[in-house]
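Asker: The structure's right below; bear with me while I get my questions together.
None of the figures in this text is laboratory data; all of them are computed from the coordinates on show. No experiment lies behind these values; they were computed from the predicted model shown. For neighbour counting, all protein chains shown are included, and Cβ atoms are generated from backbone atoms with ideal geometry for every residue, glycine included.
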Amino acid sequence: MDAGDIWATKNFQLSSGLSKVEVYNSKVSEVAEELVLEAISKFESGSFTPEKLNYENPTTKGRLHRTIRLADAERTINWQK
C-alpha cells in the first residue's frame, strides 16, 4: 500500500474469467489513465486538496508496510552471480 495522499480513486467491475494479465492490460490500464488525467486536472486547478491516507479508517483497505531498503537481506543484489 502506498502512503501518499489520494488525488483520485475509482471502483470498477471486473469481467469474470480474465487472467491477471488480461485484467491489467485492459480495465486496470484504462482506469489508471483516467485517474492520472483526473489528478492532473485537479492539480492544475490549484484548489484541490488531496485526501490523506488514513489507516485508522475501517473502510481503508490494505495496511502500511515498513519501507523496503536495498540492505534488506531478501532484496540485496548479489553481484557475484
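Asker: For the Cα atoms of the chain, what angle does the longest principal axis make with the long axis of helix 29-45, in degrees from 0 to 90, nearest 10?
Answerer: The helix 29-45 is inclined about 70 degrees to the chain.
Asker: Roughly what would the spin-label model give for Ser47 and Ser19, points 7 Å off Cα along C-beta, in nm?
Answerer: 4.7 nm
Asker: Let me ask you something else. Per the Cauchy relation, a quarter of the hull surface: what is the mean projected area of the convex hull of the alpha carbons in the chain, in nm²?
Answerer: Result: a mean projected hull area of 9.1 nm².
Asker: Which cross-chain or sequence-distant (5 or more) residues have an amide H under 5 Å from the amide H of Leu53, H modelled 1.01 Å from N in plane?
Answerer: The answer is Ile6.
Asker: Which one, Asn78, Phe12, Asn57, is farthest towards the positive end of the dipole of the chain when Lys and Arg carry +1 and Asp and Glu -1 on their Cβ?
Answerer: Asn78
Asker: Where a Cα-Cα gap under 25 Å defines reach, which lysines qualify for Lys10, not counting those fewer than 8 residues away within the same chain?
Answerer: Partners within reach: Lys20, Lys27, Lys42, Lys52, Lys61.
Asker: Could I ask something else about it? What number, rounded to the nearest 500 deg cm²/dmol, is the helix-based mean residue ellipticity at 222 nm of the chain, given -39500 (n - 2.57) per DSSP H run of at least four residues and division by all its residues?
Answerer: On the way: 2 runs with 21 residues, N = 81.
For the chain, the value works out to -7500 deg cm²/dmol.
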